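Everything below concerns the one structure shown next.
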Amino acid sequence: MLAVARLEGGAYGMSVRREIEARAGRSVAIGAVYSTLERLEDKGYVQSVERDSGTSADGRARRFFELTASGVDALQAASELQSRMWSGLRLRRAGRS
Amino acid sequence: MPLPHAPRLARACLSALLPADARSSLLAELDHEYLTHVRPAVGRLPAHLWYWRQALASIPSAIAMRQRRRRKQTVNTASPRQVVPRQWLDQSVQDVRYGLRSLRRRPGFAAAAIATFALGIGANTAIFSIVDAVVLRPLPYDQPHRLIRVWSANPRGIARNRVSPSNFFDFRDQATGPHALESLAAFTAGDASTMRGRGEPVRITTSMVSPTMFALLAAKPFHGRTLGQSDALPNASSVVVISHQFWQSRFGGAPMAVGTGVTLDGEAATIVGVMPPAFDFPSRDVDMWVPLPERLRSGQRSANYLDVVGRLSPGVSPETAASVLSAVAARIEAEHPPMKGWGVTVTTLHESLVGAVRRPLLVLLAGVGCVLLIACANVTSLLLARGISREREMAVRAALGASRGRIARQQFVESAVIASFGGLAGLGLAWVGLQVFRASASVELPRAAAIGIDVRVLLATLTLTVAAAIVTGFAPAWRATHSTANDSLKSGRDQASGRSTRRSRSILVSVEIALTLALVICAGLLGRSFVRLTHVDAGFRADSTLLAQVNLAILKYEPEVWSSFASRALEAIRVLPGVTVAGAGAPLPLSGEQGLMRFGVRFEGRPDPPPGQNDRAYLRWATPGYFRAMGIPLVEGRAFADSDRADSARVAVVDRAFVERYFPGADPIGQRIRPTNEREFRQIVGVVGGVRPTRLEDPPEPHLYVPQSQNPSASLTFVIRSDGDPVRLAAPVREAIRSIDPEQPVFNVRTLEDMVTGSVAGQRFNARLIALFAYVAVLLMVVGIYGLIAGWVNESTRDLGVRLALGATPGEIFSFVIGRGLRLAAIGTAAGLALAFFATRLLSGLLYGVEPWDPVVFGGSTLLVTIAAVAASYLPARRAVSIDPAGALRGE
């Protein structure tokens, strides 16, 4: 979802895959991206629109994804939850005095 | 050039698994990414890997997406027409997941089955890729079925002799036309030449070719032009065409190479063209093609040194062409009496290239096919054994309403899952094996450059995998569907079906034993034949001896100076520390060098033989010291000495085979003879031991040696015997030869032992590979027997316990179990012997000094297989002996 948000309207399967790869530094399968986006759509966090990208080589329309209002809410909630959980926390490794 | 495209197989796999509505957009994005970003960035192979990784890693998600749709569908209810195929696919997906789960539950079973398949499929893939590239695939020329080879057939029944230039030109002029040949071209297989012009002089391989050859093969130049008809005319300026590889290595791939002048064996010539990288006719070794001059037309008709290739006119069969060429040969025969009895042989070009290796390769293919069959038998046996323990599970499924078809399908899907993993691992094994094969390069195979894993090989692997899955899935599926559900549910121990399963497995294991024995016998025969071959007395001593070859045909060397170069170089070599004796000769026996020729021999005081029936002998050159350095024994008289000079009495040395054939019961010393390429007679001064003409398996043939000083040879091999490791002498010997002329190239520096070993590399390769297959087969067989007997002991614990309780001694139990193994072995070996009797006929042409029914090999192999069978039953027998009768009975 963060990748979809970052891509600001330019999010489709392969661009999301590339974004995750670039940001998180790990390789993701295109199938996994599709499957995840589909699940998010089922939950109503993202919505997809078919539109001609103009750059695609075969001229075929692509499915672009963007965040819905409830998707934005969910992201913000997750982010706030994370920062609340982190605040004031200092980590120490176990087994050391 | 075809446009780059995504790996088809990966794309098809992914496409099949994706739900229809997501398919086109996902694949379009993946392809687009592949074509526009990944492939331009990293190149073809890494991009392929990337695509495969993407496709494989997407499979679980594709399945998940499919399932999500199905869940939604239960709400929306699809139309009934769509349900059936979708249900089928979903069930298959379920079966695959179920198969994967049950494999994961039994990692030992999974590993054994997958490893067995990997061995079988991998070995088959590797051998298939070799056979495909060398034998099956059409030649890489335009319309290859129209290409033929033409040979001269001599009156003594040898069908494939080279053709003399004058005969070739007659064939070409009289047999081309729409009724026979479109064109005919001649070439020499490869001559050692020395090129000067850029940097140091180098030894290169040239091929003299008719200019029509390029058009005949439809070969286009990479740069410049090919040779033209006018280049062969008497007053034409000398031109040459070079190979792509030579262009790269010598000219760094610079286009200005075309038009450059070089000096080839002392003659100025101009490079007019570069051939493309794939053009390797007649062999990869050729660096340069030079035109075959028309003036050779007036040469001797008995000088056969050209290879001839032709292109049939459209619609003409090789047989028709052969009869037209025979008519020309008959005309030549009528006009030139010495050609009496000479005819023509025509074969297809493909046959001439691969005819000699076809049989060994097919034998290897048969052997490796055996390994796959054994592997399949083993996996089937494993599946059946596992089937017993799952019988109740199947019965429950049947009772809950699973159809027979569904249960059978699940079995097939499971063996397909195992076979797929095995096939993938096998592909990896094959790839590694081919790398090793290429790196070893000890075997000269025609068209070896084309060997690799490509679409055809992948298809073959896929076919093998599918076949293996079906073959191994059949018996378990049949068994699973034919056991009555009721019985299995009632009986706690699956007794009855266990017995009948065991019978099926016993048959399988007996088949394994039979196949293994046949394979071991074939390996034994080839191995014994190879050992025989290496124990053949080559006629010389190969130890502690170094060879170094030179070709003296450089501008400043005229034939008169060739002999003085040899003696001066030998003087310099003989004073090196560690050298005991040195000489030089050409061509060396078993060296595979060009230039070994058979000449007619004339005897003083005997009438010339009638035309067509020559007394003949192989002609070799030697310097003083050559026979001692080679370890060729002097039987009678003397060897060549420094006193045999160009201006002294002409002398010759002959070998034992020569004396036996031409002077039976007479003293040859002092007799006068001459080879037909010389005018004056020579006096025989000595007799030496015989050597083989070209191969160890050839019988000794008459040889005639002439001294280098009296009839110098341009190509010469120095033979240096040392008192220690001969390799240490390599650098000093090079130095010594260079001290006579710093520009003289020295090549083929190797030990005499290496040369002899190299001459039997092909046979060693065959014997080793078949032996490897036999090892694998024995290993699989032992595993199969062990699995069967151990399973039986497990199931019969109670039975054996009762026997022990009733007073059977451990010895009796032990031999009872071993006896089961022996009984299997007896049935298997009987079938195996019968099988081997037919299989070994395939080998008859490949054996040397061993009969196909060699009793030692047959007996030894049977013994070996029987011992292996007993060894495989040993552990289960030990286990049976250690059964505690009370415990076994209580266990009930």
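The values are calculated or read from the model by the stated rules, or taken from the named source; none is laboratory data. On a predicted model such as this, the values are computed, not experimentally measured, just so you know. Methodologically, a virtual Cβ is constructed for each residue, glycine included, from the backbone with ideal geometry; neighbour enumeration extends over all protein chains shown.
Here B:Leu716 qualifies as part of a strand (DSSP E or B), modelled with pLDDT under 90 and more than 21 Å from B:Phe603 (Cα to Cα). State whether one or more residues within the stretch B:752-761 are in contact (Cβ under 8 Å) with a residue 24 or more places away in the chain and among the hydroxyl-bearing types (Ser, Thr, Tyr). The answer is yes; a qualifying residue exists.
Could you name every one of the helices (runs of 4 or more DSSP H) located completely within the stretch B:6-63 that has at least 2 residues being free of Cβ contacts under 8 Å to residues at least 24 places away in the same chain and more than 28 Å from B:Val457 (Cα to Cα)? Reasoning before the result, please.
Values: elements: B:8-17, B:20-33, B:39-42.
So the answer is B:20-33.
State yes or no: is B:His37 within 19 Å of A:Arg62 (Cβ to Cβ) and either within 12 Å of chain A (Cβ to nearest Cβ) or modelled with pLDDT under 85 (or both)? Judged against the criteria, B:His37 is a match.
Taking into account only those residues within the stretch B:8-34 that are among the polar types (S, T, N, Q) and facing chain A (nearest Cβ under 8 Å), which is nearest to the chain's Cα centre (by Cα)? For the stretch B:8-34, the residue satisfying everything is B:Ser24. The single condition from (1) in contact with a helix residue (DSSP H, G or I) (Cβ under 8 Å, 6 or more places away or on another chain); (2) modelled with pLDDT of 90 or more; (3) under 25 Å from B:Gln143 (Cβ atoms); (4) crowded, with 17+ Cβ neighbours inside 10 Å that B:His244 fails is (1). Looking only at residues of the stretch A:15-34 that are hydrophobic (A, V, I, L, M, F, W, C) and either within 12 Å of another protein chain (Cβ to nearest Cβ) or in contact with a helix residue (DSSP H, G or I) (Cβ under 6 Å, 6 or more places away or on another chain) (or both), we find that the one that is surrounded by the most Cβ atoms within 10 Å (Cβ to Cβ) is A:Val33. Exactly one residue among B:Arg146, B:Arg160 is of a type in the set (D, E, K, R), in contact with a strand residue (DSSP E or B) (Cβ under 7 Å, 6 or more places away or on another chain) and surrounded by fewer than 17 Cβ atoms within 10 Å (Cβ to Cβ), and that residue is B:Arg160.
Being in contact with a Cys (Cβ under 6 Å, 6 or more places away or on another chain) and modelled with pLDDT of 85 or more, is that true of even one residue in the stretch B:471-488? Yes, there is a match, as at least one residue in the stretch B:471-488 is in contact with a Cys (Cβ under 6 Å, 6 or more places away or on another chain) and modelled with pLDDT of 85 or more. Which residues, counting only those in the stretch B:317-376, are assigned to a strand (DSSP E or B) and crowded, with 20+ Cβ neighbours inside 10 Å? Answer for the stretch B:317-376, where residues must be assigned to a strand (DSSP E or B) and crowded, with 20+ Cβ neighbours inside 10 Å: B:Val344, B:Val346.
Per-residue answers, yes or no, for (1) more than 31 Å from the chain's Cα centre (by Cα); (2) under 30 Å from B:Arg764 (Cβ atoms):
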| position | (1), (2) |
| --- | --- |
| B:Gly341 | yes, no |
| B:Thr345 | no, no |
| B:Pro360 | no, yes |
| B:Glu391 | yes, no |
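Within the stretch B:854-890, restricting attention to residues that are in contact with a helix residue (DSSP H, G or I) (Cβ under 7 Å, 6 or more places away or on another chain) and over 23 Å from B:Ser506 (Cβ atoms), the residue that is surrounded by the most Cβ atoms within 10 Å (Cβ to Cβ) is B:Val857. Looking at B:Arg66, is it more than 7 Å from chain A (Cβ to nearest Cβ), surrounded by 13 or more Cβ atoms within 10 Å (Cβ to Cβ) and of a type in the set (Lys, Arg)? When the stated conditions are applied, B:Arg66 passes them.
Among the residues of the stretch B:223-241, those identified as part of a loop (DSSP other than H, G, I, E, B) and surrounded by fewer than 19 Cβ atoms within 10 Å (Cβ to Cβ) are B:Arg225, B:Gly228, B:Leu233, B:Pro234, B:Asn235, B:Ala236, B:Ser237, B:Ser238. Being farther than 28 Å from B:Leu361 by Cβ, among the charged types (D, E, K, R) and part of a helix (DSSP H, G or I), is that true of even one residue in the stretch B:777-796? Looking for residues that are farther than 28 Å from B:Leu361 by Cβ, among the charged types (D, E, K, R) and part of a helix (DSSP H, G or I), one finds at least one in the stretch B:777-796, hence yes.
When restricted to residues that are under 21 Å from B:Arg598 (Cα atoms) and in a loop (DSSP other than H, G, I, E, B), the stretch B:641-669 contains 4.
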